[in-house]
Amino acid sequence: MKILFTASECVPFIKTGGLADVVGALAPVLAQEGHDVRVMCPLYSKIPEQYVNEMTHVLDFEVTLGWRKQYCGIEMLKQDGVVYYFIDNKFYFGRSYIYGLGGDEYERFGFFCRACLNALPLLDFQPDVIHAHDWQSGMVPALLKIQYAHLPFFSGIKTMFTIHNLQYQGIFGIREVQDVLGLGDSLWTDDKLECFGCANYLKAGLVYSDIITTVSPSYAEEIQTAYYGERLDGLLRARKHEVYGILNGLDVVEYDPSKDAALAATYSADDLSGKAACKKALQEEMKLTVDPDIPVIGMVGRLSNQKGLDLVDCVLGDMMEKNVQLVVLGMGESRYVNLFEWAQNAFPGRIACRFDMDSSLAHRIYAGCDMFLMPSQFEPCGLSQMIAMRYGTIPIVRETGGLRDTVLSYNEYSGEGNGFTFFNYNAHDMLYVVGIAAEYYHEHKDVWKLLQQRGMTTDFSWTRSANRYIELYRGIIGETELKDPSEPAEVPAETVAEAPAEEKPRKKTTRKAAKPAEEKAAEAPAEEKPKKRTTKKAAAPAETPAEKTSAEAPAEEKPKKRTTKKAAAPAETPAEKTSAEAPAEEKPKKRTTKKAAAPAEAASEAPAEEKPKKRTTRKTAKAAE
Ligand code: ADP
């Protein structure tokens, strides 16, 4: 098959987050399977010179954007069996930033999408499938169906659109987008391009692509609810038979503690001694008190609300009372930069932070920490928890999205699990689980080692997920029959650790966690016993400051639970600090690149059972034509 990826970032060339990891790792794996895989990405001035020097100039042409004509160069680089095309225009991409500051994102990425399509006949590359990623590529499927599909070269090309994060949608004024992309008035209805009075590049991708995927099975379910749906849940429900959740993999070569050159010492699941050296080196590097007995908790990621940092804010002092150390690496909101800067001064030798994009330090944190904290409000997939496990660092996560698909809380009775989890978006629940993890670290070293080894030997490679993508590509081009998303079991069975029969589970002494687990165990017949998440508390502490951060969503809006994962789920659903106790549809607007205020509209509010208007690609494409 001939497959074209269009994406705004891709490792090793340019990265701000997980999107780059996914594109950069999936493309070579597909190429290894024998497919002709090519990737198109903007040529940012931030791409390191070493790569720019390797590129060859293959093409230049003009791209028409409304009344303007813009230069477009195509630079090419071949690596690991993949052809990378870089879209060159200094005006749009020769800036000191990748996203966001100029106020002309609609034009930059409108240009990118049009340039990708215009380049194809000139490159004489006619892909079977264009796989577009996130809102920056959302206009690729839309422009293809609306403006190009009548041309013989483009008519047979199918499209897949992958949501890496539904929160970022690329919302702009309709007039501005019309101005650059020349999309007529008839296209601006809510079944096509219009979205709450605005243009929305992500919605364009969702409406006009042949198939939609997202990066974990749980997130695929969650985004069809009003709470997680970011006002596009109605559309996603309308297309629910074409929304697939495929768990991301890891680049297991890049993240390999047995060969990692960034580390003070390498180590493996069989011989963990190097990990202690990595911990000592990290404590020294970050100016923490060097002490092998104090558990070090790591956090690497964007400093944004999504990552649950307001929970950490709420209970940071209490966390420090548990005699742990905290290492934070991230860039993002000034609120959290200020918080961690303050914390570093308030707890010298115990909290250390770096506000930088530093991949080498990230590796040393994954290796040198004992635990990795990810209390995300929502998490489409999350790579960091998988990287942490690969480095024998035990994840402590909130049960949401890809986190719940990859981390199962240790169960003292069955011995299952590979980390520690909590469900409510509640700071004290998080604190409690950190305490449990610290207790295991100190008092049950055999269990700790078992969890480390489980994480390190789990298969996080792309192989399985890449096959799933191939299956879907084959489905959309008509080579095989497309199965309904509800049919296949999409979470790789081995991803969530289960206790091998010979591993004796270990009794844990903590009463709070033990009691509910014992009660549940007594209720279930032995052979039907579902997996338990024993680190859950029976009830959240009353009147805690953290309660301000949680809210309740109506029961019918909760995402469906994966029954194989948990014994029982508490009634509450997570919520944002800002939206405490508000019904999900009254959630305050999210921070997006939105320019204009969006009026309320029915599109995403239709309950599932009311059968919202079908907005399938075929229909809309026809209408557009
Ligand atoms: P998201 O895509 O939401 O940002 P993910 O967990 O999916 O989060 O992926 C984040 C990736 O970016 C991980 O590989 C993580 O190690 C990396 N990362 C995030 N922030 C930094 C940073 N400041 N320095 C180095 N790597 C980072």
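The values are calculated or read from the model by the stated rules, or taken from the named source; none is laboratory data. Note that the structure is a prediction, hence the values are computed from the model and not measured. Glycine also receives a Cβ, built like all others from the backbone with ideal geometry; neighbour counts cover every protein chain displayed. Note: accessible area is taken over every heavy atom of the protein model, side chains too, but ligands, DNA and RNA are not part of it. Shrake-Rupley method; radii C 1.70, N 1.55, O 1.52, S 1.80 Å.
One table, with the values for the structure above:
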{"item": "Qualifying residue in region 441-458 (condition: at pLDDT below 95, crowded, with 23+ Cβ neighbours inside 10 Å and not charged (D, E, K, R))", "result": "no"}
{"item": "Test: residue in region 164-184 that is touching a residue at least 24 places away in the same chain (Cβ under 8 Å), of a type in the set (A, V, I, L, M) and open to solvent by 10 Å² or more (accessible area, probe 1.4 Å)", "result": "yes"}
{"item": "Residues that are in a helix (DSSP H, G or I), within 11 Å of the ligand (Cβ to nearest atom) and either open to solvent by less than 10 Å² (accessible area, probe 1.4 Å) or at positive phi (or both), drawn from region 367-405", "result": "GLN385, MET386, ILE387, ALA388, GLY401, GLY402, LEU403"}
{"item": "Number of positions in region 1-53 that are in a loop (DSSP other than H, G, I, E, B) and of a type outside the set (Val, Ile, Thr)", "result": "17"}
{"item": "Residue within region 341-351 that is part of a strand (DSSP E or B), at pLDDT 95 or above and surrounded by 16 or more Cβ atoms within 10 Å (Cβ to Cβ) present", "result": "yes"}
{"item": "Search result, residues across region 197-233 that are open to solvent by 10 Å² or more (accessible area, probe 1.4 Å) and part of a loop (DSSP other than H, G, I, E, B)", "result": "GLY197, ASP210, GLN224, THR225, ALA226, TYR227, TYR228, GLU230, ARG231"}
{"item": "Some residue of region 334-356 being of a type in the set (Val, Ile, Thr), in the same structural domain as ASN418 (by TED's automatic domain parsing) and more than 9 Å from the ligand (Cβ to nearest atom)", "result": "yes"}
{"item": "Test: LYS275 is more than 16 Å from the ligand (Cβ to nearest atom) and on the phi < 0 side of the Ramachandran plot", "result": "yes"}
{"item": "Which listed residue is free of Cβ contacts under 8 Å to residues at least 12 places away in the same chain and over 23 Å from the mean Cα position of the chain (by Cα), from GLU54, GLU62, GLU75", "result": "GLU62"}
{"item": "Options THR289, THR266; residue that is in a loop (DSSP other than H, G, I, E, B), away from the ligand (no atom under 16 Å from the Cβ) and either touching a residue at least 60 places away in the same chain (Cβ under 8 Å) or in contact with a strand residue (DSSP E or B) (Cβ under 6 Å, 6 or more places away or on another chain) (or both)", "result": "THR289"}
{"item": "Scan of region 29-51 for residues that are open to solvent by 40 Å² or more (accessible area, probe 1.4 Å) and either more than 21 Å from TYR97 (Cβ to Cβ) or free of Cβ contacts under 8 Å to residues at least 12 places away in the same chain (or both), ordered by number", "result": "GLN32, GLU33, GLY34, ASP36, ARG38, GLU49, GLN50"}
